[in-house]
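Working notes, structure below.
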Amino acid sequence: MRRVRRQADNRLSFLDVVSCGFGAMVLLILITKNTVGEPVEDLRAQIEALQEQLARVIQVRASLAAEQFSAQARVHAQQEKLQDDRRAVEEARQASASAQAQALIEADLKTALQRLNEEMKRLNLTASKPDVIGGIPADSEYIIFIVDTSGSMKRFAWKAARQQLVSLLDAYPKVRGLQVMNDMGTYMFSGYRGRWIPDTPARRKVLLQRFDSWHSYSNSSPVEGILEAIKRFRMKSDKISLYIFGDEYTGESIQRVIDTVEDLNYRDGKRQVRIHAVGFFTRAEIEKIDPKYADTTSRFAALMRELTRRNGGTFLGVTVD
């Protein structure tokens with residue numbers, strides 16, 4: 001009886017093992033099919049779709065960047081063109097204003113010269129040459145010449161300036177004192193700095209000889225010479241006359257010069273010195289060398305015309321050959 005029971009137990013155990021093994025194999029097949037195969041294929045498809053979207057985004061971004069760069073370039077070009085147009089308009093406006101000012105000044109000078117000639121005829125006065133100074137009172141006891149010694153004067157107007165100097169000296173046969181300095185206030189004769197030069201025939205001869213070879217630094221502005229002359233030699237009398245020879249004014253404010261000279265030249269309402277000026281028209285020659293300095297001749301004429309008017313003098317324009 002014992003042997004039969006043991007064999008039945010062994011057959012049951014084997015069947016259980018076989019059933020469990022078969023079930024495990026089925027389970028593995030189901031797991032492998034449902035959890036491994038299909039999810040991997042879906043993930044790959046999603047990755048490929050995302051890569052395609054990323055590529056499209058990168059392409060769109062590159063296109064937008066290129067369009068933005070092109071738009072910025074167009075804006076920059078338009079800004080530069082606008083600046084160029086503004087500069088052109090400003091230069092045209094300045095050129096027009098300068099031309100108008102030059103025309104007005106020249107017209108005023110012609111009118112003044114015509115009136116001067118008419119006055120000379122009325123007084124039965126005649127000038128030996130068209131460019132000789134006339135109509136200037138020759139009643140001063142002291143005379144000071146302030147001469148522009150710049151390159152333009154030396155090169156284009158020195159001969160005409162010497163003629164005017166000789167004519168003025170002839171108009172004053174005898175004075176109590178002379179003085180000559182350049183537009184910077186540098187004295188022709190350093191030994192007479194701040195003092196009057198005695199007026200003698202020998203001294204006048206030496207003066208003209210020195211004038212022919214006179215070289216002295218100049219900034220093409222008579223302001224320093226005018227201020228030096230008034231400070232050193234002023235007195236409450238019309239017996240002192242300044243004669244300014246020049247062709248250019250390179251300074252900044254004309255009105256500031258006029259106000260400064262007027263404050264210095266008047267004391268208690270009394271004028272200290274009389275100021276005359278002779279302007280030499282070298283504009284055409286200067287414009288050939290450097291056009292940007294051509295307007296300095298017009299500015300000199302404007303300054304001298306107002307300066308002489310306010311200080312009891314006369315301004316005369318002289319053409320150069």
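Remark on G279: its backbone amide H falls under 5 Å from those of L316, G317, V318, a criterion applied only to residues 5 or more positions apart or on other chains, H modelled at 1.01 Å from N. Projecting the Cα positions of V318, G269, M304 onto the charge dipole of segment 268-321 (unit charges on Cβ atoms of Lys, Arg, Asp and Glu, taken about the Cα centre) puts G269 furthest along the positive direction.
Please report, to two decimal places, log10 I(q)/I(0) for segment 214-316 at q = 0.18, 0.23 Å⁻¹ as given by the Debye formula with identical point scatterers on the Cα atoms and no solvent. After summing over all Cα pairs, the log10 values are -0.83, -1.25.
Students often get this wrong, so check it: of K231/K288; K154/K239; K239/K288; K174/K292; K174/K288, which have C-alpha atoms separated by over 32 Å?
Working: K231/K288 38 Å; K154/K239 30 Å; K239/K288 41 Å; K174/K292 43 Å; K174/K288 42 Å.
Long pairs (Cα-Cα over 32 Å): K231/K288; K239/K288; K174/K292; K174/K288.
Around the amide H of D183, modelled in the peptide plane, lie the amide H atoms of V147, D148, T149, all under 5 Å away and 5 or more residues distant in sequence or on another chain. Counting heavy atoms of the protein chains alone, T186 has an accessible area of about 60 Å² for a 1.4 Å probe. For segment 275-287, 3J(HN,Hα) computed residue by residue from phi via the Karplus equation (6.51, -1.76, 1.60; θ = phi - 60°) reads 10, 10, 8, 10, x, 9, 7, 10, 4, 4, 5, 5, 5 Hz, glycine and proline entered as x.
Taking 7 Å steps out from each Cα toward its Cβ at V60 and R193 produces label points 8.5 nm apart. Loop-located GluC sites (Glu not before Pro) across segment 190-292 with a Cβ neighbour count of 11 or fewer within 10 Å are E252, with loop assigned by DSSP.
Other residues within the sphere of radius under 13 Å centred on the Cβ of D84, judged by their own Cβ, net out at -1 (K and R +1, D and E -1).
Separation of segment 144-180 from segment 191-239 is 10 Å, based on Cα centroids.
Just to confirm the filter: which chymotrypsin sites (Phe, Trp or Tyr not before Pro) across segment 197-299 are DSSP coil and have at most 12 other Cβ within 10 angstrom of their Cβ?
On the way: sites: F211, W214, Y217, F233, Y243, F245, Y249, Y266, F280, F281, Y293; in loops: W214, Y217, Y249.
The qualifying sites are Y217.
The values are calculated or read from the model by the stated rules, or taken from the named source; none is laboratory data. None of the values given here were measured: they were computed from a predicted structure. Neighbour counts are summed over all protein chains in view; Cβ atoms, including those assigned to glycine, are modelled from backbone coordinates with ideal geometry. Surface accessibility is based on the protein's heavy atoms, side chains included, excluding ligands, DNA and RNA. Shrake-Rupley method; radii C 1.70, N 1.55, O 1.52, S 1.80 Å.
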